1. Around Val22, which amide H atoms from residues at least 5 apart in sequence, or from another chain, sit under 5 Å from its own amide H, with H modelled in the peptide plane?
2. State in Å² the accessible area per residue of the stretch 1-72; use a 1.4 Å probe, count heavy atoms of protein chains only, and round to the nearest integer.
3. May I ask you to evaluate 6.51 cos²θ - 1.76 cosθ + 1.60, the Karplus curve with θ = phi - 60°, for each residue of the stretch 118-126 and list the ³J(HN,Hα) values in order in whole Hz, giving x for glycine and proline?
4. At a 1.4 Å probe radius, carbon and sulfur cover how many percent of the accessible area of the stretch 1-75?
5. In the stretch 106-158, carbon and sulfur make up what percent of the accessible area (probe 1.4 Å)?
6. Taking the Cα atoms of the stretch 1-69, what is the range of coordinates along each of the three principal axes, in descending order and whole Å?
7. Work out how much length Asp36 to Ser78 would gain on full extension: take 0.36 nm times their residue separation and subtract the Cα-Cα distance, in nm to one decimal.
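The values are calculated or read from the model by the stated rules, or taken from the named source; none is laboratory data. Because the structure is a prediction, the values reported are computed rather than measured. Side chains are part of the model used for accessible areas, which takes the heavy atoms of the whole protein and leaves out ligands, DNA and RNA. Shrake-Rupley method; radii C 1.70, N 1.55, O 1.52, S 1.80 Å.
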Amino acid sequence: MRGNMSRQEFLNALQGSLTGRVNSSQIADNINYYEDYINTQVRMGKSEEEVIAGLGDPRLIAKSIIEASKHADARAESRESYGGEEENVYTSGYDGYHNSAYGRSQRRGMPVWLIVLLVILAVLLAVSMIFSVFIFLAPILIPIAFICLFLRLAGRQR
């Protein structure tokens, strides 16, 4: 891919890379998506060149879309063989399924590291709460415990 690709060159390269590898409605959906995305970013003040450079190589984007399409087709065939319904899969970018700037597919949802961090924070919060309750009650409970121990020992001495 050469540098400073124009919007039309980017869209033509994406379309050319998708043609014959996914159905025409997927091609149209993805071309429309990227055209809208570029337009939106330009309206927000970015230059067209900056937006297109941020998207990356249209051939890598096409490869991700093709792979996602293959996986969707395989899931649909598997579901049909078990009598299930076909899943509706959206394959174009920046919605959590497809990150075109890196050419990788992703699942929707929270990242694993964020879930782990939240669990660790919850455990630390629970431990600190238990510890703070102990610190608060210690000046009361420790003397009571000593008095009970003293009374028990005094009762055995008689």
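1. none
2. 55
3. Residue by residue, the stretch 118-126 yields 5, 5, 4, 4, 5, 5, 4, 5, 4 Hz.
4. Values: 2020 of 4200 Å².
Here it works out to 48 percent.
5. Here it works out to 79 percent.
6. That gives 34, 23, 18 Å along the principal axes, largest extent first.
7. Numbers: separation 42, 0.36 × 42 = 15.12 nm, distance 3.36 nm.
Length gained between Asp36 and Ser78: 11.8 nm.
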